[in-house]
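The values are calculated or read from the model by the stated rules, or taken from the named source; none is laboratory data. The structure presented is a predicted model; accordingly, all values stated were derived computationally and were not measured. A quick note on method: Cβ atoms are made from the backbone with ideal geometry, for glycine too, and the neighbour counts reach across all protein chains shown. For accessibility, only protein heavy atoms count, side chains too; no ligands or nucleic acids. Shrake-Rupley method; radii C 1.70, N 1.55, O 1.52, S 1.80 Å.
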Amino acid sequence: MSNSETTSALITQLRILLGLTHAEIQVAETRVAQARTEAVRRELTENAENGRERAGSIESTIRDLGGVPELVGPFIGRATAGVKAMVEQAQPFDEAVLGDLALEHQLLDRSRYLKALATAGGDQTVATLADRLITAHSATVEWLTTVLAEEALGGPAALRRTPFQAATGAAIRLVNVPVSWSTRSLDRAIDAVRTSPPVLGELISWGAYAGDVTVKTLSASRDAAIATAEKVTRREGADGAADVFRSVRKSSGLLDPTELPIEDFDELNVAQAVSAVKELTEAAQVRDIVAYEEAHKNRHGVVSAAQARLAAIAQEVVGIN
């Protein structure tokens, strides 16, 4: 390949990478609102900022090679990401994240191809830029793979479902109930309900705001009814139904403190709770703690630690070091 052909090939790949990077930036900004914890929110915000820096570097490199960045590229990238965000409202959560992962894999693979082209053409500047892109996109691929693994393990994932994703996922699970009903399926269905609460939940929230004692009592009555239903069905030998009610209590953070996987959890301060969370070894244990913590004290440090522990468990499952 001649020098001019190599330069033309580099510019072509850089232009494509620039368009994909603008789409990546828009996706990261869209995901900020779905962050479960402040730490994840900061990470996504930083990802968007880093994406803008990468886009600037790609543009500069194109100009240095004698090319001109496509003026419509950024607009196409943002428009594509905007359409993607709208389409995702009709997709289950895992499908939306798989779409994000596909975008990152395309960025990673093209960055590797760019490095090969630059190395073959002896362009160290472009090769160095490609190395930066490879490092960045490899890290994002690992992060999204971890989010998917967290979702597969029953959550809570680093990203929350949008209300539409929750409703779509719940509908799909209900359709599949006859062939795939399980406690884990119920856990995820309940999470969907918690994400997009029904009229009763809205009524309870309104009652808490307005100080209506009668309406606020509905919440306590509902929780007590679920606990009673579990006891009665268990006593009557209907273990399957009892397991369903217990799953509802677990997912809603309604377990009694004595049922939690961490002894005397309510008595622990943030530092002690964080230390105890790091010792948990099963995703289900982490889920119980997160649900209980979010339903009671909702200490951000504890929730973030639990999320980090679940991420570590998920990474171990999928083989990420």
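Some values worked out for this structure:
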quantity: Residues with amide H under 5 Å from that of Ala35, placed H, sequence gap 5 or more; calculated: Arg160
quantity: Förster radius 25 Å - calculated FRET efficiency between Ala312 and Ala33, Cβ distance, rounded to 0.05; calculated: 0.50
quantity: Point-to-point label distance, Arg132-Glu263, nm (Cα→Cβ direction, 7 Å offset); calculated: 5.3 nm
quantity: Heavy atoms of Ile62: accessible area, 1.4 Å probe, square angstrom to 10; calculated: 0 Å²
quantity: Ranking by accessible area, most exposed first, for His137, His105, His300 with a 1.4 Å probe; calculated: His300, His105, His137
quantity: Lys278 - accessible surface, heavy atoms, 1.4 Å probe, Å² rounded to 10; calculated: 130 Å²
quantity: Gain in span if fully extended, Glu95 to Arg112, counting 0.36 nm per residue against the direct Cα distance; calculated: 3.6 nm
quantity: Share of pairwise Cα separations in segment 1-59, more than 12 Å, in percent; calculated: 68 percent
quantity: Chain lengthening between Ile320 and Arg42 when straightened (0.36 nm per residue, less Cα-Cα); calculated: 97.9 nm
quantity: Accessible-area value, Thr281, 1.4 Å probe, nucleic acids and ligands omitted, Å²; calculated: 100 Å²
quantity: Net charge of Cβ neighbours under 9 Å - reference Asp288; Lys, Arg +1; Asp, Glu -1; calculated: +1
quantity: In order through segment 42-54: 3J(HN,Hα) via Karplus (6.51 cos²θ - 1.76 cosθ + 1.60), integer Hz, x for Gly, Pro; calculated: 5, 4, 5, 5, 5, 4, 5, 5, 5, x, 5, 5, 5
quantity: Theoretical FRET efficiency, 1/(1+(r/R0)^6), r = Cβ-Cβ of Val232 and Lys297, R0 51 Å, to 0.05; calculated: 0.95
quantity: Backbone HN-Hα couplings from phi across segment 121-127 [Karplus 6.51/-1.76/1.60, Hz, Gly and Pro as x]; calculated: x, x, 9, 5, 4, 5, 4
quantity: Under the Karplus curve 6.51 cos²θ - 1.76 cosθ + 1.60, θ = phi - 60°, whole-Hz ³J(HN,Hα) for segment 148-153, x wherever Gly or Pro sits; calculated: 5, 5, 4, 5, 5, 7
quantity: Per residue accessible area of segment 275-321, 1.4 Å probe, in Å²; calculated: 47 Å²
quantity: Listed peptides 124-131, 308-315, 46-53, 288-295 by packing density, highest first (mean Cβ within 10 Å); calculated: 288-295, 308-315, 124-131, 46-53
